[in-house]
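All remarks here apply to the structure that follows.
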Amino acid sequence: MPYETPNLKFDGQLDFSGGMALVGRPAVNGYRWAKNIVIRDGKATTRPGIRGAFRNETAGFQEAFYFNQDNARYNDATHTGFWFTGFSFIGSIWGSIQGLSLVRFSSDLELKLLVCAGGRVYVNEAGFVREIPVNATIGADEDIYFVQANQIVMMFRGEGNAVLQWDGGSDGFIQVPDPAEGDRIPTAASGTYIGGRLWIPANRDELYASDVLDFTAYDYAYQLFSVNCGDGDEIVKILPWKDDGAIVFKMRSTYYVSGVNSYVMPGTHLSDYVRIGAIDNDHGLVAKQAVVTYGEQVAYLGYGGIYNLQRNQYGKAEGVDVPLSAPIKPLIDRINWNAVSIACAAAHDNYLLFAVPIDGSTVNNTVLVYDTLLKTWVSEWQSEMLKPVQFGKMEDDLYVLGVDGRLRLMFTDDPWDTEDVFVDTRNWSASTYYHTGDHALSTVGGEKKVYRALQDGENHATSDTAYWAEETDPQNLYRISTELWTRWYDGDDASTGKKPNRGEIIYEAQNPKISVDIDTPSYNTDKALFTDKTYDRKKYDVIDTADWVESNENLDWHNPHRQDYTIFLPVGSQYPLNSNFDSDLYTYAGCAGWSHWPAEYQNGTKTWMEVDGEGCVRMETSTYYAPSCLLSQNILPVQGSYRVFIRAKASTPTKLTVRLQSPTGIGTTEVIDITSTTFAEYEATTLALTTVAGSGYTLIFGLQETFESGQTKTVDVSLCMMATNRYDGMYMDSTGLNLNVWTPHSLRFLPMLANDKRFGFKIRNTQGKLALCSIRQSLTQNRFGARETA
């Protein structure tokens, strides 16, 4: 019969859909805290990645330019070619962004992204950017707020600054004209378009409503409303609500306005239909961007928490007794309320995102994430690339404007937050205040380098080693790092002492690096179980199985039980001698020695250039003697072992000599028969080399034959280096390859703890993706905790 250990208990969880609870005891499927995760199918999974939406140009918008016949770019009219006026490619955009919005006129086929930056206004249309004229001077420090009202886009610039409007035409933004009748538009920081009227909050307590479809005309007698005038509070935002209503948020109170969409009968006024009543006298909205609508509810950030309103049976909005943020109050308590006016929020898919400044920060350095399907908070998100100023949606995509003025696309499948670290890292600036751990980009000797701040401060050059350290592995800077603290495991009995026995953490992963600590409620009891656990992409978990060959030449990529199926797509499977190319074509006849070759080639400082897209140097001879000519090119490959490949074609068969010469003058020469009139690849098998850091080799090649008078022969040659520990392409079988394959794994352990009744795990992952599936743990009651049963 099976043996049962006395006093044995079990604990753990089959999924993590209970979410994050920092207050009270988490549910059996919950956890104490998490960073950079989402819950997918009950699994705690690495959150989606972020990447730059457009390239950032420190000089701002790029002016129009020519491409001439040599494919060179010019900014003047003295060259012929194609002239691009008034717009630039999507790869170039703006510096510091003051405001943005999505707009669409009736003649537009798709949304436009409208942006104000550096006092200038641009619009991105279908991948192209052009500047919109503005007939007023916009200060670079103005906070810009765009509102589309029917076929007009209004630009609000704060009280005291004239409101501008744009009808989509070539005249651009102009000052809103005075109306033929009625009062003029008030200056304000924002506005809202509701039911054909533009509603503008101003002067703390007042709401101005325009005439229907006439946004220049106002009536200060019958279309001006006070919201609890004189209470010392101020209106932050007016939000459209269902049917005929709107919600007016003040800083410390919330009100409901009905009748905003009323049809005004002849002889009556809008004021006859509008009614204002209080919803919540204790909580309001602290930042105009920190409110979202989802379904029949509204969630907003107020002093002390994130609150929500819901639609009652009468169609009006009413408050909810318990704040939405109650389970994460310790995080709410860390918000810097002195800087909270910059907070912003978004609703995307099944998530509510609230970006807030915590721990004294003056920028939004944390995003609190609520899952509307699970109805629970799931994580806080943090990243150097995720410090939002404003969120914006374009069709199904969510974009975020960062504090660095960059616009980024969220919810990508990447396990990192950048595609190009040298583009996404901010340029160092003497006027920027850097916090410990911040990064800055600096160009040293023509080379871009990334530095990490060692302490807080500003106006310290990156050469100051007391404040900065160079990152030696910049390409891996912005990997998504995840962490989850499980609930306390006690076998559903916190009163008696227990000793944990066998434990197992089950998960799925893609190229992970996992660490696990066990901890207890007692002070300073963390103990490492696993540190930086990784998996090999070539090895199998099955004994006596040969390693997978990276070229997949055995067509066995799909074989089961490999430790990791992650595919790394190399920058290039073949590595050219030099990475820079241009379109120069060198043709030489009657070559009599070095004097006929450019000096840059003789001393090896000139890179080999692309010829007609083929990446080749052409050798043309019409001499009657040999050798024809030699071409010398220094190569400085990174440390490693390399093979030399020749890619060539010849007008008639010829013999090409290739010599590899070391810095000390020792060399090896190989003769290769070039037989094809179209490009073919030849390997110089005797020229394999092994380099060390900083070594320099020279490749010399020429034609080894004698020509008769009048004979002409042309040979086009390119060379490349290929690291021997890399593969040149992948062999594909009929089923192809599957990217983003999750591989199941488990960690088993015997933890050791003393004097504690409860324990939990802190699970971290610093690269790739991790999906925690379940945790299983057995516990034995100690001899003083055993219970007698009847």
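The values are calculated or read from the model by the stated rules, or taken from the named source; none is laboratory data. Computed from a predicted model, the values in this text were never measured in an experiment. Positions of Cβ are backbone-derived with ideal geometry, glycine not excepted, and every protein chain shown enters the neighbour counts. We work out accessible area using only protein heavy atoms, side chains counted, and drop any ligands, DNA or RNA first. Shrake-Rupley method; radii C 1.70, N 1.55, O 1.52, S 1.80 Å.
Among the residues of the stretch 49-70, are any at pLDDT 85 or above, assigned to a loop (DSSP other than H, G, I, E, B), open to solvent by less than 30 Å² (accessible area, probe 1.4 Å) and not hydrophobic (A, V, I, L, M, F, W, C)?
Within the stretch 49-70, not a single residue is at pLDDT 85 or above, assigned to a loop (DSSP other than H, G, I, E, B), open to solvent by less than 30 Å² (accessible area, probe 1.4 Å) and not hydrophobic (A, V, I, L, M, F, W, C).
Given the structure, is T482 polar (S, T, N, Q) and open to solvent by 50 Å² or more (accessible area, probe 1.4 Å)?
no
When the stretch 166-196 is examined, which residues are found to be touching a Phe, Trp or Tyr at 6+ places or on another chain (Cβ under 8 Å) and either closer than 24 Å to V264 by Cβ or basic (K, R) (or both)?
Scanning the stretch 166-196 gives V176, P179, G182, D183, R184, I185, P186, A188, G191, T192, Y193.
When residues of the stretch 172-192 are filtered for being outside any strand (DSSP E or B) and either among the hydroxyl-bearing types (S, T, Y) or open to solvent by less than 30 Å² (accessible area, probe 1.4 Å) (or both), how many remain?
Final tally of qualifying residues: 9.
Looking only at residues that are under 21 Å from the mean Cα position of the chain (by Cα), in contact (Cβ under 8 Å) with a residue 60 or more places away in the chain and closer than 15 Å to P330 by Cα in the stretch 357-390, which one is surrounded by the most Cβ atoms within 10 Å (Cβ to Cβ)?
S379
In the stretch 20-46, which residues are out of contact with any Lys or Arg (no Cβ under 8 Å at 6 or more places or on another chain), open to solvent by less than 50 Å² (accessible area, probe 1.4 Å) and more than 12 Å from S774 (Cα to Cα)?
Matches in the stretch 20-46: W33, A34, K35, I39.
For the stretch 461-479, give me each residue that is surrounded by fewer than 18 Cβ atoms within 10 Å (Cβ to Cβ) and in a loop (DSSP other than H, G, I, E, B).
A461, S463, D464, T465, A466, E471, T472, D473
With within 19 Å of L770 (Cα to Cα) and free of Cβ contacts under 8 Å to residues at least 60 places away in the same chain as the only criterion, which of D456, D464, D536, D473 stands out?
Answer to the check: D536.
When the residues of the stretch 241-277 are narrowed to those that are within 20 Å of N308 (Cα to Cα) and surrounded by fewer than 16 Cβ atoms within 10 Å (Cβ to Cβ), which ends up modelled with the lowest pLDDT?
So the residue we want is D243.
Exactly one of (1) more than 24 Å from L270 (Cβ to Cβ); (2) open to solvent by less than 50 Å² (accessible area, probe 1.4 Å) is unmet by A209. Its number?
(1)
If I674 satisfies all but one of (1) open to solvent by less than 20 Å² (accessible area, probe 1.4 Å); (2) at pLDDT below 75, what's the number of the condition it fails?
(2)
Go through (1) open to solvent by 60 Å² or more (accessible area, probe 1.4 Å); (2) in contact (Cβ under 8 Å) with a residue 24 or more places away in the chain for V450 and report which single condition fails.
Just one mismatch for V450, condition (1).
Which of the residues that make up the stretch 504-533 are touching a residue at least 24 places away in the same chain (Cβ under 8 Å) and outside any strand (DSSP E or B)?
Correct list: N511, P512, K513, T520, P521, S522, T525, D526.
Test S101 against the criterion of being in a loop (DSSP other than H, G, I, E, B) and modelled with pLDDT of 80 or more, and give yes or no.
Taking the combined requirement at face value, the residue does not satisfy it.
Take P240 and tell me if it is out of contact with any helix residue (DSSP H, G or I) (no Cβ under 9 Å at 6 or more places or on another chain) and more than 25 Å from N312 (Cβ to Cβ).
Judged against the criteria, P240 is not a match.
Is at least one residue of the stretch 508-518 among the hydroxyl-bearing types (S, T, Y) and either crowded, with 22+ Cβ neighbours inside 10 Å or modelled with pLDDT under 95 (or both)?
Within the stretch 508-518, not a single residue is among the hydroxyl-bearing types (S, T, Y) and either crowded, with 22+ Cβ neighbours inside 10 Å or modelled with pLDDT under 95 (or both).
Exactly one condition in (1) of a type in the set (K, R); (2) open to solvent by 20 Å² or more (accessible area, probe 1.4 Å); (3) modelled with pLDDT of 60 or more; (4) more than 30 Å from A34 (Cβ to Cβ) is false for R783; which is it?
Condition not satisfied by R783: (3).
For the stretch 432-444, enumerate the residues that are among the hydroxyl-bearing types (S, T, Y) and either part of a loop (DSSP other than H, G, I, E, B) or under 22 Å from the mean Cα position of the chain (by Cα) (or both).
Passing the criteria: T432, Y433, Y434, T436, S442.
Does the stretch 150-171 contain at least one residue that is among the β-branched types (V, I, T) and open to solvent by 50 Å² or more (accessible area, probe 1.4 Å)?
Taking every residue of the stretch 150-171 in turn, none turns out to be among the β-branched types (V, I, T) and open to solvent by 50 Å² or more (accessible area, probe 1.4 Å).
Are any residues in the stretch 315-363 out of contact with any strand residue (DSSP E or B) (no Cβ under 6 Å at 6 or more places or on another chain), aliphatic (A, V, I, L, M) and not in a helix (DSSP H, G or I), and if so, which ones?
Scanning the stretch 315-363 gives V322, V363.
Return yes when G195 is of a type outside the set (V, I, T), modelled with pLDDT under 90, open to solvent by 30 Å² or more (accessible area, probe 1.4 Å) and in contact with an Asp or Glu (Cβ under 7 Å, 6 or more places away or on another chain) and no when it is not.
When the stated conditions are applied, G195 does not pass them.
Just checking, which of D490, D541, D547 is modelled with pLDDT under 90 and in contact with a strand residue (DSSP E or B) (Cβ under 8 Å, 6 or more places away or on another chain)?
Within the list D490, D541, D547, the selection yields D490.
Residue by residue, here is whether (1) assigned to a strand (DSSP E or B); (2) among the hydrophobic types (A, V, I, L, M, F, W, C) holds:
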site	(1), (2)
L109	no, yes
L113	yes, yes
V121	yes, yes
N124	yes, no
R130	yes, no
G139	no, no
G160	no, no
G168	no, no
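Whether any residue in the stretch 445-458 is within 23 Å of L353 (Cβ to Cβ) and part of a loop (DSSP other than H, G, I, E, B) is what I want to check.
no
Please list, ordered by first then second residue, the pairs with beta carbon atoms under 7 Å, 6 or more apart or interchain, first in the stretch 175-190 and more than 14 Å from E159 (Cα to Cα), second in a loop (DSSP other than H, G, I, E, B) and of a type in the set (A, V, I, L, M).
Going by the 7 Å Cβ cut-off, the qualifying pairs are Q175/A136; Q175/A162; V176/V163; V176/I185.
In the stretch 519-534, what residues are hydroxyl-bearing (S, T, Y), out of contact with any Lys or Arg (no Cβ under 9 Å at 6 or more places or on another chain) and either modelled with pLDDT of 95 or more or within 18 Å of P744 (Cα to Cα) (or both)?
T531
Of all residues being open to solvent by less than 50 Å² (accessible area, probe 1.4 Å) and either touching a Leu at 6+ places or on another chain (Cβ under 7 Å) or of a type in the set (F, W, Y) (or both) in the stretch 423-446, which is modelled with the highest pLDDT? Just the residue, please.
Ranking the candidates gives H439 first.
Can you pull out every residue in the stretch 531-556 that is closer than 29 Å to S481 by Cβ, surrounded by 15 or more Cβ atoms within 10 Å (Cβ to Cβ) and over 29 Å from the mean Cα position of the chain (by Cα)?
Matches in the stretch 531-556: K539, Y540, W548, E550.
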